[in-house]
């Protein structure tokens with residue numbers, strides 16, 4: 001029988017993951033500020049950056065409801081190549097084909113609205 005992780009193990013893991021994400025996002029921000037070429041940013045950092053943005057958009061917040069995955073994908077598409085790595089966004093689209101199809105329509109609507 002498997003036993004659930006102990007509280008200490010979960011706390012340490014959560015702390016480690018939080019620190020890792022903060023460091024990767026900080027690295028990305030510093031890279032942008034110093035005009036580091038995109039290929040010099042580790043792929044892991046680029047993946048975490050896209051995943052974090054997707055999670056932030058699709059998670060409910062106290063001040064707004066969660067956005068649908070298709071809307072989040074459209075927003076990532078809109079900023080690929082500038083804020084987000086194009087290859088990572090493409091991979092996320094490929095992993096979520098039904099949401100990606102909707103996101104293409106929503107992206108077109110966003111662009112037409114001048115958002």
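Observations on the model:
- Subset of region 79-88 (residues that are at pLDDT 90 or above and either within 11 Å of the chain's Cα centre (by Cα) or crowded, with 18+ Cβ neighbours inside 10 Å (or both)): 88
- Residues that are assigned to a loop (DSSP other than H, G, I, E, B) and modelled with pLDDT of 75 or more within region 30-68 comprise 42, 59, 60, 62, 63, 65, 66, 67, 68, listed in sequence order.
- Near pairs, Cβ below 9 angstrom, 6+ apart or cross-chain, from region 89-115 (surrounded by fewer than 11 Cβ atoms within 10 Å (Cβ to Cβ)) to any residue that is part of a helix (DSSP H, G or I) and at pLDDT below 80: 94/100; 115/109
The values are calculated or read from the model by the stated rules, or taken from the named source; none is laboratory data. What you are looking at is a predicted structure, and each value in this text was computed from that prediction instead of being measured. FYI the Cβ positions are ideal-geometry reconstructions off the backbone, even for glycines, and counts take in every protein chain you see.
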